Structure formats: C-alpha cells, structure tokens
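Everything below concerns the one structure shown next.
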Amino acid sequence: MTKETRTAIGFEEGRSSEAKWFNDLTRSRFAGPVTPHHRVLSRSVSPETLAVHAGTYEDPVTGAVGTPVFQTSTFLLDEASYTAFSDGTSRDVPIYTRYGNPSQWSVQEKIAALEGSRSALVTSSGMSAIASTVYALTNAGSHIISAYDAYGGTYNLLREDMPSAGREVTFVDPTDLAAIEAAVRPETQLLLFETLTNPLLKAPAIRRIAEIAKRANALLVVDNTFLTPVNMRPLDLGADVVVHSATKYLGGHSDLTAGAVVGRRKFLDRIWAQALRFGGTLEPLTAFLLERGLKTLPLRMRAHNENAREIARHLAGHPEIVAVHHPEIGGGRYADLESADYSGYGGMVSFEVRGGDEAALSFMKRLDIPYVATSLGGVESLVSMPGNTSHSSLTARQRTQIGIHPGLIRFSAGIENPRDLIRDLDHALGAPEEEGRR
Amino acid sequence: MRNSFNTAGFSEVVHEIRNDPAEADFWYTAKARSSPSRGLSVDIGPALFGTIKSARSFRVEVGDPADGPCADAPLPLHLALTGIASCALTTLVGGGSSQNVVFDSADMELTCRDGAYETRVAVGGVPEDKVVADLLDQVEQFSPNYRTLTQHVPVALGFGSRPLPGADGAEVAAGRTVACRVRWISGTQLLSRPLGEGCGPDLRVDAPKQLTGVDWGPNPQEYLLMGLAADVAAQLGRLSRADGRYLTWEVSATGREDIGGLLQADPAAVVHLQDVACAVAPPRGAKAASESELTELVRTAFAHSEVRDLISRARSAGLAWQPQADTPVPSQEPGCA
Ligand SMILES: Cc1ncc(COP(=O)(O)O)c(C=O)c1O
C-alpha cells in the first residue's frame, strides 16, 4: 500500500518544504481524518443512508463490504509518519492506535455525517469524551456554566475536578434562560448543557442558549446522548461541539462503552490531543461494534421514540401514576418547547408512582419485560429509580429542589412491541398482590 | 515537532483567516491596580482570538518605579521589554521552524537606556549566518511587538466614561537603564530575566493553549499591555501621593493584533498593535478631589509613562546580532522548561 492511501485526505497537501515564512505553509484544516478508502457521503444524504454507509472502510485488497477490524496497537513507520511528528500532524497518519486507527476513523466519519459535521472523535466512554472536551476547551482561570441536574458523572467532573483545575463552575436550571444569561462573566468560556435531561426530561432551548454563548464569545457544548442526531442536530442550532455517551443509543445494544465528540476540526484537533493524553482511546474492536450498531440507529430511534410516546400517553391517564415527564405529554415545563427543532424525543420516559419509593421498588419488581438496570438506550427496555442510583449522592432536599420526588421511575423504552410493554406496565401497576415475581 | 513549535497549527491559522478575516483580530487586556496599602499588581483579562476566548489567570506583583530601581519585583518597563523581546524571539523561532531551521538556543537582551532602546540577539545551532540574518530581517518587519516599539502607535486614554484625546504625544526620558534578557526554551515558551539587583524572579512567557502554547505564562502582547497598565497605574499612585491623596487606581490596557501581519497571511495587514487604549477608572476614596483635578492628574500620569512613550513614539532601532563565531552559546539553566 502506498503512503498516499494510508494517510488522511488533505495530509499530503499540507506538507510544505519550500516555505520561507508562515504564509507559505500549505496545511489548512480539512474534514476527517479519513483516508481515500473511507466512504465519504454528502451530508445532505438522509440519515438512514448515512447510518449504513458513511465512513465504511472499503478495503482495496479484499473488497470486503464492511470495515475490517484493524486490531493493532501500532503501525509501520514511514516518511509520512516522520513528517507528522515533525509538523505536529499526527492525527492524520495511523501511527499508534491511541493516536488514531482506521477503525476509529470509520465510525468517526459516520457519527460526524449523522450530526451534520466534518469531524468527530470516538473515545473510550462518554465521560472520557466529556472530560477531554471540557479540559481542552477551557483554561485555568476560566468559568463554565452547566446544569445542576446534568448527568451525575458530568456533574461530578465539574463539581469535584474543576476547582483544583482552576476552572469555576456555575450550576443553573438549564431551562431558565435568564439564569444562564445572568451567570455569564467576562471569563466564561464554556456552556455545557444536555439536549434532554436525566431523569426529568427537561428540554433546554438549545437555540437560545447558543445565542447566549455567542454573545459571550463562549463555546456551547451539547450532550446529545438522550436525543441522538436522529432527533436533534445541535450543531445546526448553533452549538459548537456535540458530545455523546455512545454507550447508549449510538451503540444501541448495551454491549459496549464508548463516547463521541463532534464539531469543527478547529476544536476537535485540540480535544483529540487532550483525549490521547488522558488515554481515552476507543479500542478497534469496540469501534467495530459501535459502527455496526450505528447502522440501525435511525430505525431503532423510530421505535424508541414511538414506544416512549405510547407509554407516556398511556401512563398519563393511569390512576396509579402521579406525574409523567415526557415532552409530548406537555405541561408547564414544555410551554416554550421549540418543537420544530426536534424530530422526536427518544426512548426515555419518567413517571412517579403513587406511594413513594417503596411502591416504586415493588412496582419494578413486578415488571416482567424490562430489566431493572441503570443505563439506557439499548434495544431492551431498562428501568431504574434515580433516587437510589444516579442521584443517590444528592441530599433529599436537593432531590426535591430538582424535582426528583419519591416514587420517581426512569423507563428507557427499548424497541420491543409497545403493546407488550404497556400490558406489562399495567399489570405491574395494578397487581400489588403479585409482589416478588422478579 | 521541530523546535517544539507547532507549525501545522500556525499554518491552519493562515488559511483560516484568509477565508474568514474576522478571525484575525486578536484582542488582549491587562488590568493594573495601584493601592496605597497593597502596592502595584497587574493581571491579564480574557483574550479573544477571533471568536475564541482564552481566559487565563496570571498576576504579576510589580515594583513601583518611584521606589527606586527595583523592589524585589519587576518594574512596569521590565514587563514591556519582556513582551517585546519574547515576541521577537517567538517570531524568529516560529518563522525559522516554518522553513525547517533547527535552533539550539535563541536569546535577546533588550535595554532601555534613558528612553533609547538597544538590542542584542544571540542564536545558537544554526550553521548558516545568512539564514539567521534573513530571519532577523523578517523579525524586524513582522514581529508585532517589535514593530510596536519601532513604529508610531497611537495610545488612547479614557477616564471613567470620557475619552481624553491627544494625551500620548509627550516624550519621556526617565534617566535610568532598565533591561531584560529573554531566553527561548521550547515552542512558544520563553523565560525573561529582569536585569539588575532585586528585580524579582524570572518571568514566564508562553502562548495560550488556543494558539499552540501550554498556558505557562502570559503571552508577549499581554506582557506589553501589562507594562502599560502597570506603568500608568504607578504614575497615578505617585502623583496622587505627592498631592497627599492615598487613592486606589485601576487601569486597564487593551490592544488589538491583526495576526495576519505576523503570519503575512495578508500582506496589507498592519503588523504592530492597534487600537491600544488605556482606561482609568475613577478612583475610590477621591471625595476630596474635584473632577478636573483628577482629570489633570490622569493626563499627567499618562504623559509621564515611559511604557506609553515606548508604544506611541516611532524610533529607529535595529536588531543587533553577532554571527555565531563571536557568540558563546548561552548556558542552559536547569529547572526552567
Ligand atoms: C447524558 C449522559 N452523558 C454522559 C454519560 C456518560 O457516559 P459513559 O457512561 O459512556 O461514560 C451518560 C451515562 O449515563 C449520560 O447519560
């Protein structure tokens, strides 16, 4: 194989030996990294087609129709590798898998295409994606604004690690635009919000928050784990960078741990450098699993969206249910929802059962189909209580302030038949005498 | 990376600003405070690189020029000299890296002798003297801070919300010698030693991480503006003390660099700093003084600032360089990189 096909498209154009000053240098930022063997499709192609085809490594030797698993930790050094070292362009040549690997490049290209962007990075977990992004895009001395009810891992990173890293964080209600605006300081560098929050499914106005960030010359990072690019593309709404726990819907089968970051290379190259120093590499084999899972993302999301909606609607009228949290059920929290920005609301629905935590625990035991487990976004339905899992470190008072009341259950609707899921829910809600089946 | 300098990163900026000239405007801020009880100090504010903010936190305790040559801290002029010499050396090493020149060392001594400036540059490890000579010509033309020293750069003055135009014409000769020796370490990192007894510790210089640095210290433009803000604040403190008023003064200095000038991405771009402005906040505890008295004091302080004069007055300087044969390679001091 020649070096031209080993390196990223754009790498060769950036090699300049005749320069006399900076203006003679020829490297500009480009998309990718992808080699000429990676399938690059126009971002105007529909998500279903992008999900199947974007990024596939079309192996020139065997003609395999799927991306081979490049299960190697290192690559032969050649002149391109040495140039990459001396110019600082080692993201564009496979040198060492912690730096980059064609298996990662395939899945990165697929995720970038789905989010409507030019570049992406995959990492070993959602948290490694978030930590690398936050560290790379802020300086010691800067200020960050995020949500007090952000995903627990994100909240802990911001609350426990930022003070010693010299970053200050203000936590606000992500739906309170006035509070976000009021939190802005001259040194505010990053706003970090989620497209849909856990577990109450608050829907922050990403477009409005992007405007606040722009006015402050700050960057908006959006965690799109709960909605996925099928339901919302935050970059189109003004976000600068999107992060994912690919462990959830992107992988989709509860069989891998991975993260992703999407955006312009101006940011992604720096996040990549941070991630490789932190060591948050995605293994080639996991990259393969993630790529395979992503091929069905739009199909799965359609089922997740529908199932959660059906369940939410059904529970909203149920006498044993005190409250249902889902954008399609409406209520005051969703009064200003810009529904045109969403194609769907994902597979999550949260609800409070009558009788508090004890009733909720026995209700979960009576469920037959879903597994009682934390996490979400897999093909199988999962159910858990935020009060004794993701939000257990909060005080009872803090939980009440956020709106996590006793009896709250988080339901991650899988892609099973919704009639089966609803029948199962009804059964569990209506039959206290059958306690102890699971 | 050659010389640990990220040439690819700079190349990307060249192409970015050709596509989007608004990204070429780099803004820097420094804020100085002169307090009768807490002395003189200066902080940097957030910098803006096109649309990208870089909010780092650096503070330098500064010696008051009125207290004598040095009081265990650098003088405002040391900060400005650090800014100029470190910019020249970064330009030298960066420009050299773009043409594959490898450096062992690069040092520059910059001296202000009674308002006149002298330079001495030493470059180690480059076999061909012509290469160094050509690079230094480019530094004289394209180093933003060096050009700010040699060109006429207007400095605006404001007091409270009022502009005080035309205050930057006075020539200043403080009648003493202040000097720094700046040493390039790696990439965009440099170390500046204020010369003279008790002038405080070495000053770290670096580019922010948004511009290929590692946030090891303020960048050269920030040092120059820190020098300006601190000097004007020091003059304000001195003049008000002389009037028997013990006031706390806050001065912020801002300036814009068109990065297209350094990089020559746009041959028409102005290289030196532009829109340089000094804003003095009305002092606290100034009840006794009338508005016009304070305004006069602000004008006088500004006129007496040697750093303001350094920036605003054009002067013919040249980078003095000794070819390698005559230059002992400077010794590396441990523990700095
Ligand atoms: C919204 C959100 N972001 C980030 C994460 C962290 O992802 P990971 O567990 O893959 O590190 C999670 C995990 O639950 C999440 O729900």
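The values are calculated or read from the model by the stated rules, or taken from the named source; none is laboratory data. The structure displayed is predicted, hence computed values, not measured ones. Note that we place each Cβ from the backbone using ideal geometry, even for glycine, and neighbour counts take in every protein chain shown. These area figures cover heavy atoms from the full protein model, side chains too; ligands, DNA and RNA do not enter into them. Shrake-Rupley method; radii C 1.70, N 1.55, O 1.52, S 1.80 Å.
For the structure I just gave you, tell me whether A:LEU282 is in the same structural domain as A:GLY116 (by TED's automatic domain parsing), assigned to a loop (DSSP other than H, G, I, E, B) and surrounded by 24 or more Cβ atoms within 10 Å (Cβ to Cβ). So A:LEU282 fits the description; yes. Looking at A:ARG366, A:ARG399, just one residue is modelled with pLDDT of 95 or more, among the charged types (D, E, K, R), over 28 Å from A:VAL261 (Cβ atoms) and outside the structural domain of A:PRO199 (by TED's automatic domain parsing), and that residue is A:ARG366. The single residue among B:GLN264, B:GLN189 that is within 30 Å of A:LEU268 (Cα to Cα) and either modelled with pLDDT under 95 or among the small types (Gly, Ala, Ser) (or both) turns out to be B:GLN264. If you go through segment A:78-98 and keep only what is touching a residue at least 60 places away in the same chain (Cβ under 8 Å) and within 14 Å of another protein chain (Cβ to nearest Cβ), you end up with A:ALA80, A:THR83, A:ALA84, A:ASP87, A:THR89, A:ARG91, A:ASP92, A:VAL93. Residues that are more than 10 Å from every other protein chain (Cβ to nearest Cβ) and surrounded by fewer than 22 Cβ atoms within 10 Å (Cβ to Cβ) within segment B:255-268 comprise B:ARG256, B:ALA268, listed in sequence order.
Given the criteria of a type in the set (A, V, I, L, M), within 14 Å of the ligand (Cβ to nearest atom) and away from chain B (no Cβ under 14 Å), does A:ALA129 qualify? Criteria met by A:ALA129. When restricted to residues that are open to solvent by less than 60 Å² (accessible area, probe 1.4 Å) and over 30 Å from B:ALA265 (Cα atoms), segment A:31-46 contains 5. Taken together, the criteria exclude B:THR82 from residues that are open to solvent by 10 Å² or more (accessible area, probe 1.4 Å) and touching a residue at least 12 places away in the same chain (Cβ under 8 Å).
Taking segment A:240-254 as the range and being open to solvent by 20 Å² or more (accessible area, probe 1.4 Å) and either more than 9 Å from the ligand (Cβ to nearest atom) or of a type in the set (Lys, Arg) (or both) as the test, the residues that pass are A:ASP240, A:LYS248, A:HIS253, A:SER254. Residue count for segment B:198-225, restricted to those that are under 14 Å from the mean Cα position of the chain (by Cα) and within 14 Å of another protein chain (Cβ to nearest Cβ): 7. Since A:ALA316 meets every condition but one in (1) open to solvent by 20 Å² or more (accessible area, probe 1.4 Å); (2) under 22 Å from A:ASP173 (Cβ atoms); (3) of a type outside the set (Lys, Arg); (4) in contact with a strand residue (DSSP E or B) (Cβ under 7 Å, 6 or more places away or on another chain), which condition does it not meet? Result: A:ALA316 passes all but (2). For segment A:78-89, the criterion of being assigned to a loop (DSSP other than H, G, I, E, B), among the aliphatic types (A, V, I, L, M) and more than 16 Å from the ligand (Cβ to nearest atom) is met by no residue. Output the residue which, of all residues in segment A:13-30 that are surrounded by fewer than 19 Cβ atoms within 10 Å (Cβ to Cβ) and touching a residue at least 12 places away in the same chain (Cβ under 8 Å), is nearest to the other protein chains (Cβ to nearest Cβ). Out of the qualifying residues, it is A:SER28. When both residues are 6+ apart or on different chains and their Cβ atoms are under 6 Å apart, which pairs have a first residue that lies in segment A:182-193 and is more than 16 Å from B:LEU48 (Cα to Cα) and within 14 Å of chain B (Cβ to nearest Cβ), and a second that is in a strand (DSSP E or B) and open to solvent by less than 50 Å² (accessible area, probe 1.4 Å)? Taking only residues 6 or more apart or on different chains, the pairs are A:LEU191/A:ILE145; A:LEU191/A:LEU220.
Can you confirm whether A:LEU268 is closer than 13 Å to A:VAL107 by Cβ, crowded, with 22+ Cβ neighbours inside 10 Å, of a type in the set (A, V, I, L, M) and in the same structural domain as A:ALA113 (by TED's automatic domain parsing)? Spelling it out, it is not the case that A:LEU268 is closer than 13 Å to A:VAL107 by Cβ, crowded, with 22+ Cβ neighbours inside 10 Å, of a type in the set (A, V, I, L, M) and in the same structural domain as A:ALA113 (by TED's automatic domain parsing).
Can you find a residue that is under 29 Å from B:PRO46 (Cα atoms) and in a loop (DSSP other than H, G, I, E, B) anywhere in segment A:94-117?
Yes, segment A:94-117 contains a residue that is under 29 Å from B:PRO46 (Cα atoms) and in a loop (DSSP other than H, G, I, E, B).
On the stretch given as segment A:255-292, residues that are away from the ligand (no atom under 15 Å from the Cβ), more than 19 Å from A:VAL221 (Cα to Cα) and in contact with a Leu (Cβ under 8 Å, 6 or more places away or on another chain) total 0.
Looking at B:ARG238, B:ARG204 in this structure, which one is within 15 Å of B:GLY83 (Cβ to Cβ) and open to solvent by 30 Å² or more (accessible area, probe 1.4 Å)?
Just one listed residue meets the conditions, B:ARG204.
Those strands (runs of 3 or more DSSP E) of segment A:136-239 in which 1 or more residues are within 16 Å of the ligand (Cβ to nearest atom) and open to solvent by less than 20 Å² (accessible area, probe 1.4 Å) occupy A:143-147, A:188-194, A:219-223. I want to confirm something. Restricting to segment B:20-39 and keeping residues that are in a strand (DSSP E or B) and modelled with pLDDT under 95, which single residue is farthest from the chain's Cα centre (by Cα)? That would be B:SER35.
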